[in-house]
Every structure is written in structure tokens, then in C-alpha cells.
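**Q** Take a look at this one; I'll ask things after.
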Amino acid sequence: MSDVFNDTQKLDGFSKETKSEARDIILQVYAALKDKGYSPVNQIVGYILSGDPTYITSHNNARSLIRKIDRDELLEDIVCSYLHINSPDGE
């Protein structure tokens, strides 16, 4: 029997096409937040941490756009970018 507290869970990666779409969406959301005078990085971080879409302005449809991508996907892309790798497998 599996012990959920001791076994390592595996998250499957996302396709390059999906990553490209996510990047485009984040850039659009960033621009909309900046347009409205918000600190885009702080607002996006608030959204990623909480899942609360009200951190994102509805200006230029940004709130609807960001909800099209999974927060897990965003975090994966951020970690890969920070580590300067192309995939979660380190390739």
C-alpha cells in the first residue's frame, strides 16, 4: 500500500507549445497590469500563490487570459527559467 507522506509524487511536464502560449499570456497580463499602474510582478505573484484572479486586472481581458493557463505550469516555467534549463528533467 502506498504511503502518500513518504512516496514522491511525480508531475508530468508541459509541452513546448503550451509553454510558448503561457509566455505570451504572461506578457499580455504584465502589459495590462503595467497599463493600469499596478506592480505587475507583485500582482502576478499574488495570483500564483493564492489562485485568486482578482490580483489580475480585467483591463485588456488580462484576468480571463491568465485563467487559461494552469498555475502549476507557470511555476514549472519559472523554476526552469531560474535554473536556466529547458525542461523539468534538466535537459
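**Q** Let me make sure I get this right: for the stretch 17-56, a, b and c are the square roots of the gyration tensor eigenvalues over alpha carbons, sorted descending. Under 1.5 in a/c it's rounded, otherwise prolate if a/b > b/c, else oblate. Which is it?
**A** It is oblate, given that a/c is not under 1.5 and a/b is not larger than b/c.
**Q** Another question, if that's okay. Taking the C-alpha atoms of the stretch 16-83, how large are the radius of gyration and the largest Cα-Cα span, Dmax, in Å?
**A** Calculated on Cα positions, Rg and Dmax stand at 11.1, 32 Å.
**Q** Give me the one-decimal nm value for the distance between modelled label points at residue 6 and residue 34, 7 Å along each residue's Cα-to-Cβ direction.
**A** A separation of 5.1 nm, rounded to one decimal place.
Read-outs throughout are calculated quantities, based only on the coordinates presented, and are distinct from any laboratory measurement. The structure displayed is predicted, hence computed values, not measured ones. Methodologically, a virtual Cβ is constructed for each residue, glycine included, from the backbone with ideal geometry; neighbour enumeration extends over all protein chains shown.
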